[in-house]
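Enquirer: Please find one structure pasted underneath; my questions will follow.
The values are calculated or read from the model by the stated rules, or taken from the named source; none is laboratory data. All of these numbers come straight from a predicted model, not from anything done at the bench. Here the Cβ is made from the backbone with ideal geometry for all residues, glycine too, and neighbour counts use every protein chain on show. The protein model used for the area step is the full one, side chains on, heavy atoms only, and it has no ligands, DNA or RNA in it. Shrake-Rupley method; radii C 1.70, N 1.55, O 1.52, S 1.80 Å.
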Amino acid sequence: MRPSDPWGRLKVLKNTHNGSYTWQVIAGSATLGLVVAAGAVLAAGPWDNGQRKAERALAVTADRTGGAHHGRPTPDGPRPAPSAPAVLAGLGTATHDAPRDAAALRDTLAPLIAAPELGDKVAASVIDTATGKQLYGTGATTAMTPASTIKIATTTAALSVLGPDHRIATTAALSPDARTLTLVGGGDPTLSRAALRTMAADAAKALREDDRKSVRLTYDVSRYTGPVLHPIGPNENIAPVTALMVDEGRVDDTDRGPAERTDDPAGDAARTFAAQLEKAGVKVTGTPREARPAAEARTVATHRSAPLAALVERTLTNSDNDIAEALARQTAIAKGESASFAGARRAVTNELRKLEIPVAGARFADGSGLDRKDRVTPALLTALLTRAADPDRPGLRPVLTGLPIAGFSGTLDDRYRDGSEGTGLIRAKTGTLNGVNSLAGTVVDPRGRLLAFAFLASGSLSATEAEPALDALATALTRPTAR
């Protein structure tokens with residue numbers, strides 16, 4: 001080793017000199033190390049219990065809290081804006097954890113329930129999710145038309161059966177002779193044109209490997225059975241329910257809310273796929289027709305939907321009818337039922353019964369809530385929300401995280417405005433049909449308790465009057481009650 005290498009020199013000395021001299025060298029090296037370290041500390045600045053005083057002083061600069069960091073402030077520069085308070089209180093962090101006074105809550109809600117704007121029939125349930133105890137109920141076991149709040153049941157059943165990571169697959173299968181390609185619908189209503197473009201590229205690659213430049217195209221929608229049209233008929237709120245469609249059958253660029261829909265979503269999807277195959281260099285002979293793939297066909301392209309957790313959140317936030325009906329059928333398939341309105345009804349009912357949800361009087365005529373034959377009770381809805389809040393059932397949590405936030409997102413983004421006390425504190429699924437209005441969700445009360453609530457009303461003359469009355473009921477849960 002080179003003499004100029006201090007660590008190498010020390011090693012040589014240790015091996016060639018007596019112990020006394022070696023320890024002198026070690027001591028000298030240690031002293032030198034301490035001197036170097038001390039110099040580094042002096043260069044960096046003074047320390048106090050392991051932290052530089054300069055750093056600590058900067059960290060605790062008076063009144064410099066909140067706001068974005070834009071570099072070192074100047075004496076004349078603007079001061080950071082103060083941080084906004086938390087929108088929702090953290091669960092388990094409240095200082096008051098005593099249960100809500102049920103009698104006081106009853107006194108608070110009773111006059112609000114009687115609001116004439118809600119119509120001639122109102123039923124309600126409020127549950128403490130931690131204990132499962134009903135804090136308030138009026139007609140809580142009365143089955144009523146829920147409108148879109150039934151989506152809470154549809155999504156809970158789907159998550160319970162399939163799990164939050166489940167994805168819906170759309171595939172392309174090539175016949176053994178490589179002459180026929182079949183686009184196989186799996187029931188994903190969110191399938192996009194971009195996804196079909198990627199699938200077409202994969203299929204084209206497989207055809208080139210088989211030295212094929214042209215192919216016949218068929219499409220398979222056999223995964224679903226029963227009527228394609230929802231009982232309400234052709235409607236801007238839902239496309240024909242089929243196992244193959246692109247962008248929920250919308251003919252515009254929207255991704256939520258009412259929109260004009262195609263009357264042939266499966267055929268349109270196949271024609272879109274054919275166009276993408278042509279762009280990928282594959283000639284499509286003839287017109288795409290409906291047919292199942294050959295028995296020995298091999299899969300050459302696959303697209304998987306977003307995870308079920310994301311589909312559930314999108315369903316609830318935007319009150320998406322197409323995804324809701326798809327989830328109901330996916331549940332039916334997993335439960336061994338036919339993928340139809342009737343099969344979905346049986347599958348959802350049986351799964352909720354398995355979850356020990358009170359289904360007496362309930363009828364799930366569809367998965368979206370557009371059918372007026374649907375019936376649920378407020379107690380059923382609050383029981384579902386309580387299950388979703390159960391720490392032992394994390395797979396159901398998307399039911400809560402998907403609920404619209406009052407004044408901020410989804411179907412509640414234009415409600416709870418003008419300084420409402422409920423803004424940001426309430427998460428709830430809305431429901432609206434002619435003469436039917438509902439609201440079901442969760443709220444953290446002033447004691448830090450997570451409450452589940454469901455308010456179902458019928459006979460109202462105007463949604464614009466009924467909705468503020470429902471919002472007032474939910475807002476009352478955010479206020480302290482005294483008795």
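Enquirer: Would you be so kind as to identify which of V246, G187, T218 lies farthest towards the positive end of the dipole of region 169-305, taking Lys and Arg as +1 and Asp and Glu as -1 on Cβ and the Cα centre as origin?
Expert: My answer, from the dipole projection, is T218.
Enquirer: Moving to a separate point now. Show me 103-111, 250-258, 434-442 ranked by packing, highest mean number of other Cβ atoms within 10 Å first.
Expert: 434-442, 103-111, 250-258
Enquirer: Please give every one of the aspartates and glutamates within straight-line cross-link reach of K335, meaning a C-alpha to C-alpha distance under 13 Å, and leave out same-chain neighbours fewer than 8 residues apart.
Expert: The reachable aspartates and glutamates, counting only those whose Cα sits under 13 Å from K335, are E351.
Enquirer: Still on this structure, I have one more. Along the Cα→Cβ direction, 7 angstrom out, place labels at A291 and S214. What is the inter-label distance in nm?
Expert: Once both label points are built, they end up 1.5 nm from each other.
Enquirer: Restricting to region 169-305, compute how many DSSP beta bridges are antiparallel as a %, nearest 5.
Expert: Of the beta bridges lying entirely in region 169-305, close to 55 percent run antiparallel.
Enquirer: Want the number for D413 to D264: 0.36 nm per residue separation, take away the alpha-carbon distance, what's left?
Expert: So the chain would gain 50.4 nm between D413 and D264.
Enquirer: May I pose another question? Enter the accessible area per residue of region 358-411 (Å², integer; probe 1.4 Å; all protein chains in place).
Expert: 34 Å²
Enquirer: May I ask for the net charge around G402, where only other residues with Cβ less than 13 Å from the Cβ of G402 are counted and Lys, Arg are +1 while Asp, Glu are -1?
Expert: Cβ neighbours under 13 Å give a net charge of +3.
Enquirer: Ignoring ligands, DNA and RNA, what percent of the 1.4 Å accessible area of region 349-426 is carbon and sulfur?
Expert: C and S atoms contribute 48 percent here.
Enquirer: Could I ask something else about it? State in Å² the accessible area per residue of region 169-305; use a 1.4 Å probe, count heavy atoms of protein chains only, and round to the nearest integer.
Expert: Here the per-residue accessible area is 49 Å².
Enquirer: At 1.4 Å probe size, with the rest of the protein present, what percent of the exposed accessible area of region 169-305 is carbon and sulfur atoms?
Expert: C and S fraction of accessible area: 45 percent.
Enquirer: Taking a point 7 angstrom from the Cα of A201 along the C-beta vector, which residues in region 296-319 have backbone N less than 17 Å away?
Expert: Flagged as within label range: 300-304.
Enquirer: For the modelled label position 7 Å from the Cα of L461 along Cα-to-Cβ, which residues of region 114-139 have backbone nitrogen atoms closer than 19 Å?
Expert: Taking a point 7 Å out along Cα→Cβ of L461, the residues of region 114-139 whose backbone N falls under 19 Å are 114-122.
Enquirer: In nm, to one decimal, how far is the modelled label at D253 from the one at K133, with both set 7 Å along Cα→Cβ?
Expert: 5.5 nm
Enquirer: Would you mind checking which residues have amide H under 5 Å from T180's amide H? H placed 1.01 Å from N; only 5 or more apart, or other chain.
Expert: Hits under the 5 Å cutoff: S175, R216.
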